Amino acid sequence: MLTLIAIITIILYLFIIGMLIYGFDNVSDFKLQDLPAKTKFSIVIPFRNEAQNLPKLLDSIVKLNYPQHLFEVILVNDASEDDSVSIIEKYLETLPKKQNAENIHLKIIESKSTTNSPKKEAITSAIKISKFNWIVTTDADCVLPKYWLDVFDEFVQINDPNCMVAPVTYHGKTSFFNRFQSLDFLSLQGATIGGFGIKKPFMCNGANFAYCKSEFISVNGFKGNDTIASGDDVFLLEKFLKRNPKKVSYLKSTNAIVTTNAAQNIDHLIQQRLRWASKTSHLTQWFAKVVGLIVLLGNLMSLVFIPAVLMHFISLKIALALFVIKFSIDFLLLFKTARFFKQENLLLSYLFSSLIYPVFSVYIAFLSFFKPYHWKGRTSKK
């Protein structure tokens, strides 16, 4: 009986990951064509206790290639308890002296949290005062690529979307801990792109997310999920998809890749993944739930193989064959994603990571049912 369950589970896993791989290839790479810049953007960046990361973010903003009169930057202070605000204020004082930075429109506003979702409130408060129709959100621990807004602008001019999801990856140290996280994150990015390629988008990342202010207002912003602490990205994506799925696009361009920090330690990583998992039960898309369930069952089955073989519930040959199938299909998705992000060197850690990952993912899934998560000095429930 267990053998049959294992075979069915891995076949379903093979099918769903195979679909995402097909979808990944189905999303065309977008190349810059050197069109004259037209689109005006309001960049919204909530921050809380980001003193360590803000200088790199601000430097990357100054280095953006885009015409400065066509964008503004709104930094939203979400009750920071460190020197974040003073760091930004000092940086603002130096802007007129920096080469090619004297005309950058950058301001700080305060956000006062009154609900269980302070980040959504911070974004909403910035959108209310934004000057331009295109809103682009990112995080304070990110570094923005030079042609970031250029590629957003050209994609808008050519494809006329209302919402754009764009790529994110990790930068930083090359320890095994960071490589493990990076491979996990790449798998999520690959699944995100794959979902768009089969016309079943179900994920995005608020660190690189753009949409029209008019659409945000039309779907009533975060209303309806403003009691959920996380999900400032996927819940909004769901609303945009319900309103007009043909106007929601993935921007698959290396010029649009935003980089961010990996978790600093194992506790930080667990809390981060618990935060991500906390929104799963609130998703309304059936496809997202099916993918999540099948991936969880596939990883759970990988853990069951060892005791099942030892207790003679399944033969060693069948268990190895099924594990190799899962191992191979996972590798193919990761290979394609790593190649797009130019991070093929991470694949050297894939073998060991693939043995650890089922334990990690099942542990996080189990923990998410019972445990609140801690993030930036706050404790949040699902």
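Worth a mention:
- Summed over the stretch 274-299, the residues that are out of contact with any Phe, Trp or Tyr (no Cβ under 8 Å at 6 or more places or on another chain) and in a helix (DSSP H, G or I) give a count of 10.
- Only one of the numbered conditions (1) modelled with pLDDT of 95 or more; (2) under 17 Å from the mean Cα position of the chain (by Cα) is violated by Phe216, and that is (2).
- Those residues of the stretch 332-353 which are within 15 Å of Gln189 (Cβ to Cβ) and of a type outside the set (A, V, I, L, M), in sequence order: Phe335, Lys336, Thr337, Arg339, Phe340, Phe341, Lys342, Gln343, Glu344
- Taking the criterion of being in contact (Cβ under 8 Å) with a residue 24 or more places away in the chain and assigned to a helix (DSSP H, G or I), the residues of the stretch 216-238 that qualify are Phe216, Ser218, Val234, Phe235, Leu236, Leu237, Glu238.
- Of all residues in the stretch 1-21, those satisfying the criterion of being surrounded by fewer than 16 Cβ atoms within 10 Å (Cβ to Cβ), out of contact with any Ser or Thr (no Cβ under 9 Å at 6 or more places or on another chain) and more than 11 Å from Val291 (Cα to Cα) are Met1, Leu2, Leu4, Ile5, Ile8, Ile11, Gly18.
- Residue list for the stretch 219-236, restricted to those being of a type in the set (Val, Ile, Thr) and more than 19 Å from the chain's Cα centre (by Cα): Val219, Thr227
- One residue from Ile329, Ile314, Ile318 being part of a loop (DSSP other than H, G, I, E, B) and open to solvent by less than 80 Å² (accessible area, probe 1.4 Å): Ile314
- Residue in the stretch 22-65 that is least open to solvent (accessible area, probe 1.4 Å), counting only those that are under 27 Å from Phe196 (Cα atoms) and of a type in the set (Ser, Thr, Tyr): Ser42
- Restricting the first member to the stretch 306-332 and to residues that are more than 20 Å from Ile17 (Cα to Cα) and free of Cβ contacts under 8 Å to residues at least 60 places away in the same chain, and the second to residues that are aliphatic (A, V, I, L, M) and surrounded by 15 or more Cβ atoms within 10 Å (Cβ to Cβ), the beta-carbon pairs closer than 6 Å and six or more apart or on different chains are Val309/Ala319; Leu316/Val309.
- Entry remark, the stretch 276-294: residues being touching a residue at least 12 places away in the same chain (Cβ under 8 Å) and open to solvent by 50 Å² or more (accessible area, probe 1.4 Å) number 6 in total.
- Sole exception among (1) out of contact with any strand residue (DSSP E or B) (no Cβ under 9 Å at 6 or more places or on another chain); (2) in contact (Cβ under 8 Å) with a residue 60 or more places away in the chain; (3) not in a loop (DSSP other than H, G, I, E, B) for Ile193, by number: (1)
- Of all residues in the stretch 239-264 being assigned to a loop (DSSP other than H, G, I, E, B) and in contact (Cβ under 8 Å) with a residue 24 or more places away in the chain, the one that is surrounded by the fewest Cβ atoms within 10 Å (Cβ to Cβ): Asn244
The values are calculated or read from the model by the stated rules, or taken from the named source; none is laboratory data. Being a predicted model, the structure only gives us computed values, none of them experimental. In this analysis, Cβ positions are derived from the backbone assuming ideal geometry, glycine residues included, and neighbour counts consider all displayed protein chains. For the accessible areas, the whole protein counts, side chains as well, though only heavy atoms, and no ligand, DNA or RNA atoms are used. Shrake-Rupley method; radii C 1.70, N 1.55, O 1.52, S 1.80 Å.
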